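Engineer: This structure is in structure tokens; I'll ask about it shortly.
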Amino acid sequence: MQNETSDTEFILLGFSSNPALRLCLFGIFSVLYSATLMGNALVFVLICLDYRLHSPMYFFLCHLSIVDICYASNNVPHMLRNLLGQGRTISFAGCGTQIHFYLIFALTECVLLAVMSYDRYVAICHPLRYALIMNRRMCLTLAAVSWTFGFLFGTLQASLALHLPFCGPCEVDHFFCEILAVLKLACTDTTANKVLILAVCVCFLLFPLALILISYLRILATILRIRSAARWHKTFSTCGSHLTVVGLFYGNAIFMYMGPESGNSSGREKVLSLFYSLISPSLNPLIYSLRNKQVKEALLKLQRRKRVF
């Protein structure tokens with residue numbers, strides 16, 4: 001192995017070496033990736049075209065769709081090439097780019113989901129002041145804070161990891177350059193990097209999750225006082241979708257980055273990473289569209305407009 005880390009090439013081991021299984025996985029993951037792109041793009045277009053969806057909740061949902069598209073596109077295309085036997089190697093610069101954007105989009109989504117819970121809290125617990133609190137300036141500020149925090153802390157983590165010396169053979173036991181898998185190849189002590197990862201997990205996983213739980217406890221206390229069945233249904237429709245996404249995202253993240261290490265940790269990391277890269281981004285549009293009446297109405301309106309033209 002050459003001494004200059006910038007000249008290093010990493011080998012992504014990916015999934016099984018069985019050609020039939022790899023071809024089967026390629027077909028499944030291709031369908032999920034296409035569903036991710038089309039589903040999130042459709043949500044984005046619907047929100048932009050339908051004036052009834054020009055509200056804070058859908059503004060943040062629009063940002064979530066952008067994050068999901070970018071997050072999946074950062075990892076999945078190279079994984080699909082790997083499954084076809086054409087993309088096992090990746091340059092140091094390419095690996096660093098994957099780590100950098102992977103962290104940016106993951107951390108941004110952590111903050112964004114907490115922001116969305118705050119929006120639901122204000123809408124349900126303070127409905128008369130909702131328009132005043134969640135004004136345009138506040139929405140833009142919260143979205144900017146989500147992206148800025150994700151960029152700053154993602155860049156910090158990626159920079160520290162990529163300045164480490166790596167020893168051969170540089171075989172990453174993963175389907176993309178995931179930071180935990182890459183750190184295992186370092187020739188030096190990575191305790192500082194792991195401590196930083198733990199600190200970031202506390203700040204971006206446990207703290208936002210606590211805020212989300214507090215928000216929904218306050219929401220629960222409020223809706224228990226609601227006597228209207230229609231308002232009950234509307235409240236559970238919007239909040240249920242968000243809670244489902246929160247459960248999928250934070251549950252997998254905490255189990256992956258803060259759970260105990262096991263003998264088959266690499267296999268566990270691959271499975272859990274699939275939730276971030278494919279399953280969760282492909283399910284988000286489905287969860288929000290099927291459980292939300294306004295989104296379904298906007299979709300029907302778009303279909304009728306196409307028939308007219």
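Engineer: Could you provide, to the nearest whole Å², the per residue accessible area of segment 9-304 with probe 1.4 Å? Spell out each step's value before the answer.
Structural biologist: Values: 13940 Å² over 296 residues.
Spelled out: the 1.4 Å probe surface of segment 9-304, per residue, equals 47 Å².
Engineer: Counting pairs on different chains as well as pairs 8 or more places apart, how many Lys pairs in segment 9-304 have Cα atoms under 28 Å apart? Write down the numbers at each step before the final one.
Structural biologist: On the way: Lys184/Lys194; Lys184/Lys270; Lys194/Lys270; Lys234/Lys293; Lys234/Lys296; Lys234/Lys301; Lys293/Lys301.
So the count works out to 7.
Engineer: Using +1 on the beta carbon of Lys and Arg, -1 on that of Asp and Glu, and nothing else charged, what's the dipole of segment 9-304 about the Cα centre, debye to 20?
Structural biologist: Numbers: 22 positive and 12 negative charges, 304 e Å.
In total the dipole reaches around 1460 debye.
Engineer: Ok, one more. How much length, in nm to one decimal, is gained on full extension between Thr148 and Leu196, taken as 0.36 nm per residue of separation minus their Cα-Cα distance? Numbers along the way, then the final one.
Structural biologist: Values: separation 48, 0.36 × 48 = 17.28 nm, distance 1.82 nm.
Working it through step by step, the gained length comes to 15.5 nm.
Engineer: In the chain, which whole DSSP H runs stretch at least 30 Å along their own axis (Cα) and average -1.0 or higher on the Kyte-Doolittle scale?
Structural biologist: TM-like helix candidates: 19-49, 56-83, 92-125, 136-162, 229-257.
Engineer: Continuing with the same structure: Over the Cα atoms of the chain, compute the convex hull volume and normalise it per residue, giving Å³.
Structural biologist: Each residue corresponds to 155 Å³ of Cα convex hull volume.
Engineer: Residues of segment 152-172 with backbone nitrogen within less than 20 Å of a virtual label 7 Å along the Cα-to-Cβ line of Cys187, please, listed as ranges.
Structural biologist: So the set is 159-172.
Engineer: To the nearest 500 deg cm²/dmol, what mean residue ellipticity at 222 nm is calculated for the chain from DSSP H runs of n ≥ 4 alone, each contributing -39,500 (n - 2.57), summed and divided by the residues? Before the final figure, lay out the partial values.
Structural biologist: Values: 12 runs with 223 residues, N = 309.
Counting only the DSSP helices, I get -24500 deg cm²/dmol.
Engineer: Check the chain for me: any Cys whose beta-carbon has no other cysteine beta-carbon within less than 4.7 Å?
Structural biologist: Singleton cysteines: Cys24, Cys48, Cys62, Cys70, Cys110, Cys125, Cys139, Cys170, Cys201, Cys203, Cys239.
The values are calculated or read from the model by the stated rules, or taken from the named source; none is laboratory data. On a predicted model such as this, the values are computed, not experimentally measured, just so you know. Glycine gets a Cβ as well: all are built from the backbone with ideal geometry, and neighbour counts include every protein chain shown. For accessibility, only protein heavy atoms count, side chains too; no ligands or nucleic acids. Shrake-Rupley method; radii C 1.70, N 1.55, O 1.52, S 1.80 Å.
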